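The values are calculated or read from the model by the stated rules, or taken from the named source; none is laboratory data. In this text, all values refer to a predicted model and were calculated from it rather than measured experimentally. Every residue, glycine among them, receives a Cβ derived from its backbone with ideal geometry; neighbour counts consider all protein chains shown. Remember, those area values only see protein heavy atoms, side chains included, never the ligands or the DNA or RNA. Shrake-Rupley method; radii C 1.70, N 1.55, O 1.52, S 1.80 Å.
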Amino acid sequence: MNSNLIPNPIPNEVLRAFGLSPSALLEALPGGHINDTYLVSGRYVLQRINHYVFPHPGEIMENMVGVTQFLQNKVRAQGGDPFREILQVVLTLDGAPVCQDATGNFWRCTLHIDGTASFETPDSAQMLWEAGRAFGNFQAMLSGYPADTLHEIIPDFHNTPVRVQQLKDAASRDPKGRLQEVAAEMEFALSREGQAGLLTGLLAEGKLPLRVTHNDTKMSNILFDETTRKAVCVIDLDTVMPGLTAYDFGDSIRAGASTAAEDETDLNKVCFDLDLYRAYTEGFLNAAGSTLTSTELDTLPDGAWTMTYEVGIRFLADYLNGDVYFRTAHPRQNLDRARNQFHLVRQMEERREEMGEIIRAAVAAQNAEVSC
Ligand code: GN1
Ligand code: MG
């Protein structure tokens, strides 16, 4: 028996609201640190939205319905399959995109896409190329989306200097008495505070354009075809908001170009792999390269550094706060994640020159292809 098959954790009223049977077969889907996800009858994906992280689920769903309909129209116009390449939101029988149960939890439903799976880490460089193409294409397709209609789901989500301040606040409160234990990690984080505002600074000076971005572009937020390993559909649209290209590029690199999982504790296994970085870069630029400014291209490696540093300090702050934000499976997991991410940050600092070279080579190769 599949160990993910579980007794019913979804209230019957929720299943009924979406027109599903209370006796439907449920499977818990792993992955994600925030929401809880279940596959119902092999066809519907029901998610309980974490309302500590997302206090306004209605706003998330307004964004999600708008973005998915816009993208489906694009895919249809390009001759693609809109219900395979883009998530389809399932409404309740009353026509609502979200349903609240008697205990106050919010639920939403999307259609499962057959023959696809998600992966925490890539099993080949080609898969990372595919991931790059998928997120590059996602951003390129959203370039005409009316950004001012989007709710800002989590203010300052990728404002790294604000994240540093949140870490300092957590350290000064130290509610669980854990500060002493993380002196080395605090020193690492604070010694780099001066670099935290590079991207937000360029944005404020008008040197980087604000675009509609995904903002959570980890490898596991793409569904791949189980047979061909081609990227099929970008998922987890909770944080689609105005943002920087460097955020989306960088978050994928932090999660995809590492040779180990985000919470691997044996740091000898955690290597920033330039071949994976190159593969992602080529896929991303293949789809979005022609739309990017030269400053955007120049700052893609800074995006990788910034996103890795930022999530490292977020994990560390959550550890200090008592693990209230990211789901943990064991007591020191957030600290393990922070150490893992800081280890990657160090390696990226050593490889900064090569990272830039790879971007320039990929751009040159693409330009040569276009002029042939
Ligand atoms: C969270 O929910 P999930 O696992 O897709 C987080 C991201 C982090 C990521 C780290 C809303 O994403 O920002 O980069 O964990 N999402 C939110 O794995 O905070
Ligand atoms: Mg997410």
Counting only residues 5 or more places away or on other chains, whose amide H sits under 5 Å from the amide H of D36 once H atoms are built in the peptide plane? R48, N50
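Of all accessible surface on region 240-372 at a 1.4 Å probe, what whole percent is carbon and sulfur? Please list the in-between numbers first.
Working: 2440 of 4910 Å².
Of the solvent-accessible surface of region 240-372, carbon and sulfur hold 50 percent.
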Through the Karplus equation 6.51 cos²θ - 1.76 cosθ + 1.60, θ set to phi - 60°, convert the phi angles of region 343-352 into ³J(HN,Hα) values in whole Hz; use x for Gly and Pro. 4, 5, 4, 4, 5, 5, 5, 6, 9, 4
Whole-percent carbon and sulfur contribution to the accessible surface of region 12-113 (1.4 Å, no ligands, DNA or RNA) stands at 51
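Mind ordering 121-132, 302-313, 333-344 by average Cβ neighbours within 10 Å, highest first?
Output ranking for 121-132, 302-313, 333-344: 302-313, 333-344, 121-132.
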With Cβ to Cβ distances under 13 Å as the rule, what net charge do the other residues near E349 carry (K, R +1; D, E -1)? 0
With every protein chain present, what is the per residue accessible area of region 301-372 (1.4 Å probe, Å²)? 41
Let's see if you can work this out: charge +1 on each Lys and Arg Cβ, -1 on each Asp and Glu Cβ, no other charges. What is the dipole magnitude of the chain about its Cα centre, in debye to the nearest 20? 320
